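Trainee: Before anything else, here's the structure in question.
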Amino acid sequence: SLVVFDRYSMSPLLSVIMPVYNGERYIATALESVRKQYRDGIELVIVEGGSSDRTLEIVRGFSEVLPIRLITLSEAGNWVNKTNLGLREARGDWACFLHCDDLWLPGRIARLWGEMEAAEGAIILHNTMFVGPDGQKLGFWTCPLAEGVVPPEQFTERLLIQNFIAAPSPVIRRKAVLDSGGLDESLWFSADWDLWLRLGAFGPVRFIAETLSAFRIHPASQTAARKLLPNEWERQLTTVLERHLNTWDYTGKRKTSVERVARASIAVNSSLSAASRSESSRPLTALLGLLALGPIGWH
């Protein structure tokens, strides 16, 4: 069901898509970070699935101060299918993802607004900060890009190595997302990497070398709490890599080099993920693959 609390009739420039399930601990902080820098031309599309806590009560409270479109589902689902539904119901030319445990940092919208009006491509992104359960600063999630406009081929080459884009970082052209098929719902945690790679081919990427959002790490998050099937992490990452390697224009030594480093990256990240869950991992295999790259590959 779609419940619209929207008292704003103008067509939005930006739709903020928020999938949520039992988000009462953090959702007020996320919504407040939007409220503090809200301006006309923004809408929030919140897709909620069967929460048993105070999530809906909190959302309804914020509907007094924010233009919220609430979609309620009978089942929890996952963030990918909820996000796809939100993208289809949204009205903005641009969209961004804000999970209920993440937040915007001060000045984000002021910095991005003019960029959205002038951008040629389908992605504008910036750096992100890691925060802990209580908001403590843990470090930075930075992109290996130079400030300014990044050519599609350079963006793709670097992104194939590893997903360096945090979910609350980019603003993306909503039509480009929908025209390319939306998020792949068979990839419950790597669907965003797959999407960034697709959108990077639509034109130049605008990178802003500032930290304008926060990604929260906590034990109840989907990636931390979800029970994985054996080798599921590695399989999903490999699926995305092979899908986009097959369509990448480059051939020869350059493509071979990128593939070697990307597969080593997947092995390392899969091993670290398994170790963090106290599951069976293959650290020796990952280490040997990393050592085989040599200094150039490490760089």
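The values are calculated or read from the model by the stated rules, or taken from the named source; none is laboratory data. Quantities reported herein were computed from a predicted structural model and do not represent experimental measurements. A quick note on method: Cβ atoms are made from the backbone with ideal geometry, for glycine too, and the neighbour counts reach across all protein chains shown. The protein model used for the area step is the full one, side chains on, heavy atoms only, and it has no ligands, DNA or RNA in it. Shrake-Rupley method; radii C 1.70, N 1.55, O 1.52, S 1.80 Å.
Trainee: Please list the non-local residues whose amide H lies under 5 Å from the amide H of VAL205, H modeled 1.01 Å from N, same-chain partners needing a gap of 5 or more.
Mentor: The answer is VAL150.
Trainee: At a probe size of 1.4 Å, how large is the accessible area of ASP249, to the nearest 10 Å²?
Mentor: Surface open to solvent at ASP249 totals about 140 Å².
Trainee: Okay, next question. Using only C-alpha atoms and all pairs of different ones, pull out the Kirkwood radius for the stretch 6-92 in Å with one decimal.
Mentor: Result for the stretch 6-92, one decimal place: 12.9 Å.
Trainee: Right, next: Of GLU232, GLU147, GLU75, GLU210, which has the most accessible area with a 1.4 Å probe, and how do the rest follow in descending order?
Mentor: The ordering from most to least exposed comes out as GLU75, GLU147, GLU210, GLU232.
Trainee: On to the next question. Over the stretch 103-163, what percent of the accessible surface lies on carbon and sulfur atoms, probe 1.4 Å?
Mentor: Values: 1510 of 2770 Å².
For the stretch 103-163, the apolar C and S fraction of the accessible surface comes to 55 percent.
Trainee: Shifting gears a bit: Just one of (i) 1.06; (ii) 1.00; (iii) 1.36 is Cα Rg over 2.2 N^0.38 Å as worked out from the coordinates here. Which one is it?
Mentor: Checking each listed value against the structure points to (ii).
Trainee: Using Cα positions and a limit of under 27 Å, work out the lysines in reach of LYS175, with same-chain residues fewer than 8 apart set aside.
Mentor: Reachable lysines: LYS82.
Trainee: Straight-line reach from LYS137: which lysines have Cα under 24 Å away, leaving out those fewer than 8 places along the same chain?
Mentor: Within reach: LYS36.
Trainee: Counting only other residues whose beta carbon sits under 10 Å from that of HIS244, what net charge do I get with K and R as +1, D and E as -1?
Mentor: 0
Trainee: Give the ranking of SER221, SER180, SER74, SER186 by solvent-accessible surface, highest area first, calculated with a 1.4 Å probe.
Mentor: So the residues, ranked largest to smallest area, are SER74, SER186, SER180, SER221.
Trainee: Hey, what do the phi angles of the stretch 143-148 turn into as Karplus ³J(HN,Hα) couplings, whole Hz, using 6.51/-1.76/1.60 and θ = phi - 60°, x for Gly and Pro?
Mentor: Whole-Hz 3J(HN,Hα) from phi for the stretch 143-148: 9, x, 9, 8, 3, x.
Trainee: Moving on. Kindly report the accessible area of the chain per residue (heavy atoms of protein chains, probe 1.4 Å, no ligands, DNA or RNA), in Å². List each step's numbers first, then the result.
Mentor: Details: 13740 Å² over 299 residues.
So the chain comes to 46 Å² accessible per residue, rounded to a whole number.
Trainee: Divide by every residue of the chain the summed helix terms, -39500 (n - 2.57) for each DSSP H run of at least 4, and state the resulting mean residue ellipticity at 222 nm, rounded to the nearest 500 deg cm²/dmol.
Mentor: After summing the helix terms and dividing by the residues of the chain, the value is -12000 deg cm²/dmol.
Trainee: With the chain treated as a Gaussian network of Cα nodes joined by springs under 10 Å, which of LEU138, LEU284, LEU73 yields the largest mean-square fluctuation?
Mentor: So, out of LEU138, LEU284, LEU73, the one fluctuating most is LEU284.
Trainee: If I ignore ligands, DNA and RNA and count only protein heavy atoms, how much of TRP298 is accessible to a 1.4 Å probe, in Å² to the nearest 10?
Mentor: 140 Å²
Trainee: Report the semi-axes of the equivalent ellipsoid for the stretch 104-144 in whole Å, largest first, where each axis is √(5λ) for an eigenvalue λ of the Cα gyration tensor. Provide the component values of the computation, followed by the final result.
Mentor: Values: eigenvalues 127, 32, 8 Å².
After diagonalising the Cα gyration tensor, the semi-axes are 25, 13, 6 Å.
Trainee: Please report the net charge: other residues with Cβ closer than 15 Å to the Cβ of ARG173, K and R +1, D and E -1.
Mentor: +1
Trainee: I've got another one for you. When Lys and Arg each count +1 and Asp and Glu each count -1, what net charge do the other residues less than 12 Å away from GLU24, Cβ to Cβ, add up to?
Mentor: Once positives and negatives cancel, what remains is -2.
Trainee: Multiply the residue separation of ARG60 and ASP40 by 0.36 nm, subtract the distance between their alpha-carbon atoms, and state the gained length in nm to one decimal. Intermediate values should be presented prior to the final figure.
Mentor: Working: separation 20, 0.36 × 20 = 7.20 nm, distance 1.96 nm.
That pair, ARG60 and ASP40, stretches by 5.2 nm at full extension.
Trainee: Something else about it: Ignoring ligands, DNA and RNA, how do TRP94, TRP233 rank by accessible area with a 1.4 Å probe, largest first?
Mentor: Listed by decreasing accessible area, they come as TRP233, TRP94.
Trainee: Let me ask another. Just to be sure I understand: with springs between alpha-carbon atoms less than 10 Å apart, which residue in ALA274, ALA146, ALA209 has the highest mean-square fluctuation in the Gaussian network model of the chain?
Mentor: ALA146
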